[in-house]
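K.L.:
To start, I am sharing the structure in question, which I have written as structure tokens.
The values are calculated or read from the model by the stated rules, or taken from the named source; none is laboratory data. Since this is a predicted model, take the numbers as computed values, not measurements. Ideal geometry is used to build each Cβ from the backbone, glycine not excepted, and the neighbour counts take in all protein chains shown. Only protein heavy atoms, including side chains, enter the accessible area calculation; ligands, DNA and RNA are left aside. Shrake-Rupley method; radii C 1.70, N 1.55, O 1.52, S 1.80 Å.
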Amino acid sequence: MSVTTLNEFIIQRQADFPYAKGELTRLLTHIGVAAKVVNREVNKAGLVDILGDAGTDNVQGERQKKLDIYADEKFIASLKASGECCGIASEEDQNIVTFDEDLPRQGKYILSMDPLDGSSNIDVNVSIGTIFSIFRRVSPVGHKASMEDFLQEGTKQVAAGYIIYGSSTMMVYTTGRGVNGFTLDPSIGEFCLSHPDIITPHSGIIYSINEGNYIKFPEGVKKYIKYCQEKDIPTGRPYTSRYIGSLVADFHRNLLKGGIFIYPKTAGYSSGKLRLLYECNPMAFVIEQAGGKGTDGRGNRIMDLKPESLHQRVPFYVGSRNMINKAEEFMTEFGDQEPDIKDFQ
Ligand code: AHG
Ligand code: MN
Ligand code: MN
């Protein structure tokens, strides 16, 4: 069976873009290179000093892991070297990263990323990932990237995807013409097409949510969880609960098998936990291209939301379209107002 590598696939599909002169091709290729570098460290984690805390906090006030910072640095270096990316927004950096050198300033694209998603799972050998979202810049070529480049609606993404460092390492991405998955073949060091034209089932029997937060959920979420747990053979209920704690891993399983992932508002987090720019928008682009839905639980398409700030959070409901629609019925009927945090202090 002939193998199609990521680079061959990108070049074959380059013809999809009338204006493409290889720029997006080069950018995606450099993402693949950085992914292989990070994958190498992820696979050695435990043998080299890459586990554990870095002793610093990120802009979100979250403890940074050494691998968070390592991945951030490797992706920034590779994207800068591509010459196609004029700026980067990263979960690990408070402000946008821009470049002074002329080559990257000529870049026509910007990228938002979560360099290492699922950090809490790094030290316990559970699947983690990288998430990326690519836009064409709106600021003039040759200048520094500006904040307006990054605060575009998700519908303006030109490409988005993720790498999952799991039982195998895969890169899954879309450029708006379907979703394709590539598995890294370590024997040749290439990502090879393994999951062409991924379509997510319209219904599923998996629900993913951190039920440890149950008492802090809005009433609609509580009622939907109980709905998932009721016995109803025709709809496949009770559903199976699967929650890994790495968005990339929970998302990827549900993408392939069908399911719903919810990170809702909770008492104290009225916008939920996940970040719009580099977690929700890219995953929403992928799921929509695979035939699913990504919303805020109140019928608002994630990709229609106008970002106001780099690290802004948003409630996230993503997965099989029939399951999202059902969950939103519960939010409408029983409300999505989270309980008051004072009830828990
Ligand atoms: P990150 O490690 O990049 O901060 O992301 C972690 C996110 C996401 O990957 C996951 O779905 C969610 O945090 C899990 O949060 P809880 O532990 O609160 O359930
Ligand atoms: Mn994350
Ligand atoms: Mn992260």
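K.L.:
Residues in region 56-65: is at least one without any contact (Cβ under 8 Å) to a residue 60 or more places away in the chain and away from ligand 3 (no atom under 16 Å from the Cβ)?
P.N.:
Let us first name the residues in region 56-65 that are without any contact (Cβ under 8 Å) to a residue 60 or more places away in the chain, namely 56-58, 61-65.
Narrowing further to those that are away from ligand 3 (no atom under 16 Å from the Cβ): none.
No: region 56-65 contains no residue that is without any contact (Cβ under 8 Å) to a residue 60 or more places away in the chain and away from ligand 3 (no atom under 16 Å from the Cβ).
K.L.:
Turning to a different aspect of this structure: List the residue pairs whose Cβ atoms are under 6 Å apart, where the first residue sits in region 81-105 and is on the phi > 0 side of the Ramachandran plot and in a loop (DSSP other than H, G, I, E, B), the second is more than 16 Å from ligand 2 (Cβ to nearest atom) and open to solvent by 60 Å² or more (accessible area, probe 1.4 Å), and the two are 6 or more positions apart or on different chains.
P.N.:
Every condition considered, the pairs that remain are Gly83/Leu103.
K.L.:
From the list Ser127, Ser168, pick out the single residue that is closer than 13 Å to His252 by Cα, open to solvent by 10 Å² or more (accessible area, probe 1.4 Å) and away from ligand 3 (no atom under 16 Å from the Cβ).
P.N.:
Ser168
K.L.:
Continuing with this model, one more query. For Ile215, state whether it is touching a helix residue (DSSP H, G or I) at 6+ places or on another chain (Cβ under 8 Å), under 30 Å from Phe182 (Cα atoms) and β-branched (Val, Ile, Thr).
P.N.:
no
K.L.:
Still on this model: Does Ser120 satisfy the criteria of being touching a Leu at 6+ places or on another chain (Cβ under 8 Å), of a type in the set (Gly, Ala, Ser) and either in contact (Cβ under 8 Å) with a residue 12 or more places away in the chain or within 16 Å of ligand 1 (Cβ to nearest atom) (or both)?
P.N.:
no
K.L.:
I would also like to ask the following. Hey, could you check region 100-121 for residues that are over 14 Å from Ser90 (Cα atoms) and near ligand 3 (Cβ under 10 Å from one of its atoms) and say which is most open to solvent (accessible area, probe 1.4 Å)?
P.N.:
Restricting attention to region 100-121, the residues satisfying the condition of being over 14 Å from Ser90 (Cα atoms) are 100-109, 118-121.
Those left that are additionally near ligand 3 (Cβ under 10 Å from one of its atoms): 118-120.
Working: Gly118: 10, Ser119: 28, Ser120: 88 Å².
Selected residue: Ser120.
K.L.:
Is it fair to say Phe261 is in contact with a helix residue (DSSP H, G or I) (Cβ under 6 Å, 6 or more places away or on another chain), of a type outside the set (Ser, Thr, Tyr) and at pLDDT 95 or above?
P.N.:
So Phe261 fits the description; yes.
K.L.:
If you check Ile244 against the conditions, is it open to solvent by 10 Å² or more (accessible area, probe 1.4 Å) and within 16 Å of ligand 2 (Cβ to nearest atom)?
P.N.:
yes
K.L.:
Okay, next question. Within region 174-218, how many residues turn out to be of a type in the set (Ser, Thr, Tyr), buried (at least 22 other Cβ atoms within 10 Å of the Cβ) and farther than 30 Å from Tyr269 by Cα?
P.N.:
Number satisfying all stated conditions: 1.
K.L.:
For a quick check of your reading of the model, give me the residue pairs whose first member lies in region 309-325 and is open to solvent by 50 Å² or more (accessible area, probe 1.4 Å), whose second is outside any loop (DSSP other than H, G, I, E, B), with beta-carbon atoms closer than 8 Å and at least 6 apart or on different chains.
P.N.:
Arg313/Tyr269; Arg313/Arg275; Arg313/Leu276; Arg321/Lys293; Asn325/Lys293
K.L.:
Here is a follow-up. Taking region 197-219 as the region of interest, how many residues are within 10 Å of Ile260 (Cα to Cα) and either among the β-branched types (Val, Ile, Thr) or not in a loop (DSSP other than H, G, I, E, B) (or both)?
P.N.:
Total meeting the criteria: 5.
K.L.:
Might you check whether a residue that is closer than 19 Å to Gln60 by Cα and within 16 Å of ligand 2 (Cβ to nearest atom) occurs anywhere in region 148-158?
P.N.:
Looking through region 148-158, none of the residues is closer than 19 Å to Gln60 by Cα and within 16 Å of ligand 2 (Cβ to nearest atom).
K.L.:
Take Ile11 and decide whether it is under 27 Å from Ser187 (Cα atoms) and not charged (D, E, K, R).
P.N.:
Taking the combined requirement at face value, the residue satisfies it.
K.L.:
Given the residues Gly204, Gly212, Gly236, Gly220, which is the only one that is among the small types (Gly, Ala, Ser), more than 16 Å from ligand 2 (Cβ to nearest atom) and free of Cβ contacts under 8 Å to residues at least 12 places away in the same chain?
P.N.:
Just a single option satisfies the conditions, and that option is Gly212.
K.L.:
I've got another one for you. Give the residue that is nearest to ligand 2 (Cβ to nearest atom), with candidates limited to residues of region 85-96 that are surrounded by 22 or more Cβ atoms within 10 Å (Cβ to Cβ) and of a type in the set (A, V, I, L, M, F, W, C). If you could, list the steps in order and put the result at the bottom.
P.N.:
Kept after step one, since they are surrounded by 22 or more Cβ atoms within 10 Å (Cβ to Cβ), are these residues of region 85-96: 85-92.
Narrowing further to those that are of a type in the set (A, V, I, L, M, F, W, C): 85-86, 88-89.
Numbers: Cys85: 20, Cys86: 24, Ile88: 16, Ala89: 13 Å.
Result: Ala89.
K.L.:
Please determine, by comparing only the residues of region 106-146 that are part of a loop (DSSP other than H, G, I, E, B) and under 16 Å from the mean Cα position of the chain (by Cα), which one is farthest from Ala45 (Cα to Cα).
P.N.:
Gly118
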